[in-house]
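Quick notes on the structure that follows.
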Amino acid sequence: MILPGADASHDSTPAAPALRSPWAGRSTLPGWWRLQAWRRQAMLAALLQAARAAEPPLQLLDDEALAARARQARHALRAAVARAGEAATGTTVAAWGAAAAAAAELASRSLGQRPTPAQLQAALAMAQGRLVDAGPCSGKSLAIALAAVLGAWAGRRCHLVCGNELLAARHAAAFGPLYLRCGVPCAVLPPQAPADAAPQAYGAQVLLVTARRLLADRLRDPALWPRATPCWALVDDADRVLIDDAVHPHVASEPGHNPLLLEAIACAQGLAEGFRAGEHYHDRRRLLRFTPAGQALLAEVEARLPPFWRAPRRRDELLMQALVVRDRLVRGRHYDVQPGPAGGARIVLGGELPLVQLVPERSLHTGLLQALEAREGLPLSHPPATRGRLSHQELFGGYRLLGGIASSLRGLESELWRIYGAVVLRQPRTAAPLALRHGLAATDDEVRARQAAEAAAEAVRQGAAVLVGLRRIESFRLLVPAMRAHGLAPAVLGAAAPGPDDGLLRPGEVVLVPEPLLAGLDVRTVPATTPLHLLLPEALDSARTEALFHARGQRLSAPRRSLRLWSAPAGTPLAAAVARLQSALPARLADPLALVLLRTGLRLQRAAAARQARRQRRQLFLHEQQLVLQLSFAARGEAPVLRGELHAPLP
């Protein structure tokens, strides 16, 4: 939404930055990343061969001799990098291989975990600025820790980016002994850490941090970045950080004062009552468009708007926002009204779907909270003023090297190459046997929670440990009482501080796992012969996340079973179609057909959401740059010229 602001001074207008395409110099041909990966494969094979050859002599040394050999390898690697550059060449293969072998032996003695050849290959690939598709349960945490050590030994500062603060704390607790023994200073900077702790943390050679904290620090204190001299980013769960979370920019705000916007929102709330769905507008696939009758009605009522908001684009967006709030957002499902800290009431967003899915149009987000306040009859609060914006694409594109690892990057390779210039290494996978069953569940949340509790109780009666994956907070609130009614005592992962027993399951234990913590969960059973039962009572965000859940415990020798319960959200056309199918056919025919219908519907829904998110990510970088140009040229009255690839209209 285009907001009114103070007049800018012509004399103080900053110079407009150069606008470039994020894909400049990178071929957009499909599969071009494969050629880049093939070109680098020979060098990676030589690095791995050198590291494997240097390992056996190190295993015969005592701790003191190994420490001396590690210091020697560290100095040799730093000298080789200073002489020949950061990319491995024929003259630096021996130095990289010796350093990798020394780090692997130190990891074996400090952690009790000897890196496998696949983990060593992944660490070397990340140290050369590549992303690794390692597969689930492949020991990604150890591989990325080894890569951080190699980068630190090469003289780089490393920002090890984790998916959330709990995973960062867990990594620091698990691999702190390795960093200490390798002589690599390591720091953790959680999102809630005060701003005065940032300079010291950014001075560490390895910094464990979340992308959200990096974005906030970059906007809050730009001077912090040159002092820290970041040159390398290592991204754990690269698919989530670089793709899933990169749809919208991080926005830094400050208290604002905009009476013109509040007046317009209050006016639009009343005008929206005259618009009827189907006659004046259509809202299909989360995209609201006015019909010719709606455009005529807009022309009639625009005179009742304040003068600034009578321009066609501002007028349309203002009325669209009022209609979206009226039609899409339901109190109790998508937002709630709670007592405020200073008395009165306030709007609290949150519910079944994220706001970005309910209202994908970014131009309608500004003033959305105030539109909800107007709908509920609350006093309108002033929206915050934007102080700065920064996208994931711009942040991670600023590093000299970008490496990372993920359980699955399939289907994302071309986008990662075009946006970040990152080449993906696919490692071979070995799938463990899994008995996966699919079952129908009720559309009602409470009934579905009881069905999931019955399935968990049946598994416990058979002596199995149960791991339950959940996405929504409401599911935890319903499932815990339902399980207690069956005599179970479920534990919630993440409710307590991370510890060495996270992921350790015993017979009869039930653990509920929030979706964000699935990536860093290493499932073990005691005794080792304990069967593991995986229960998924609701759909997770993506098929990649569900595959990651079903792979938990893949390295266990005990049998594994998994139950996936399928249901359609109540009140949706898919739920109505399933109900009609079950009423028209006997259960033995209706249930298999209903499962096929539900699985197909979810697959199509996810495919549509993925396409929309991909378009948003593709345009985000250019949109941010265009916004900077518009603001800088506004005072001069000039029109900015956009150069680069623009494949769709900007929102």
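Quick notes on this one:
- Other-chain or far-sequence residues with amide H under 5 Å of GLU509's (modelled H): VAL466
- Accessible area expressed per residue, the range 454-498, with surrounding protein chains retained (probe 1.4 Å, Å²): 49 Å²
- FRET efficiency estimate (nearest 0.05) - Cβ-Cβ, ALA173 to VAL447, R0 41 angstrom: 0.55
- Sequence-distant residues sharing a close amide H with VAL492 (under 5 Å, placed H): LEU512
- Computed over the chain, relative contact order equals 17 percent, with contacts defined as Cα pairs under 8 Å that lie 6+ residues apart.
- Toward the positive end of the charge dipole of the range 358-491, with +1 on the Cβ of Lys and Arg and -1 on the Cβ of Asp and Glu, the farthest Cα among GLY404, PRO383, ALA464 is that of GLY404.
- Cut-off 13 Å between beta-carbons: net charge of the residues surrounding GLN427, Lys and Arg +1, Asp and Glu -1: +4
- Dipole magnitude for the chain: computed about the Cα centre from +1 point charges on Lys and Arg Cβ and -1 point charges on Asp and Glu Cβ, it is near 1700 debye.
- Rolling a 1.4 Å probe over the protein heavy atoms of the range 390-435, with every protein chain left in place, gives an accessible area that is 52 percent carbon and sulfur.
- The stretch between TRP32 and LEU349, if pulled fully straight at 0.36 nm per residue, gains 109.9 nm over its current Cα-Cα span.
- Taking amide H as placed 1.01 Å from N in the peptide plane, the amide H of VAL132 sits under 5 Å from that of GLY404, ILE405, ALA406, LEU425, each at least 5 places away or on another chain.
- Taking GluC sites (Glu not before Pro) across the range 235-321, the ones in a DSSP loop with at most 12 further Cβ atoms lying within 10 angstrom of their Cβ are GLU279.
- Positive-end ranking of LEU589, GLN121, LEU416 along the dipole of the chain, with charges on Cβ about the Cα centre, is headed by GLN121.
- Stretch gain in nm, segment THR430-GLN49, where the contour uses 0.36 nm per residue and the Cα spacing is subtracted: 135.0 nm
- The calculated 222 nm mean residue ellipticity attributable to helices in the chain amounts to -14500 deg cm²/dmol, summing -39500 (n - 2.57) over DSSP H runs of n ≥ 4 and dividing by all residues.
- DSSP bridge analysis restricted to the chain gives an antiparallel fraction near 20%, rounded to the nearest 5.
- Between THR91 and ARG484, the FRET efficiency from the beta-carbon distance, with R0 = 60 Å, is close to 0.40.
- Identified option (computed percent of Cα pairs over 44 Å apart; candidates (i) 29; (ii) 22; (iii) 44): (i)
- Segment LEU585-ARG331, length gained on full extension (0.36 nm per residue, minus Cα span): 87.8 nm
The values are calculated or read from the model by the stated rules, or taken from the named source; none is laboratory data. Note that the structure is predicted; figures quoted are calculated from it, not measured. Cβ sites come from the backbone with ideal geometry, for glycine too, and all protein chains shown count toward neighbours. All accessible areas refer to the heavy atoms of the entire protein, side chains included, with ligands and DNA or RNA removed. Shrake-Rupley method; radii C 1.70, N 1.55, O 1.52, S 1.80 Å.
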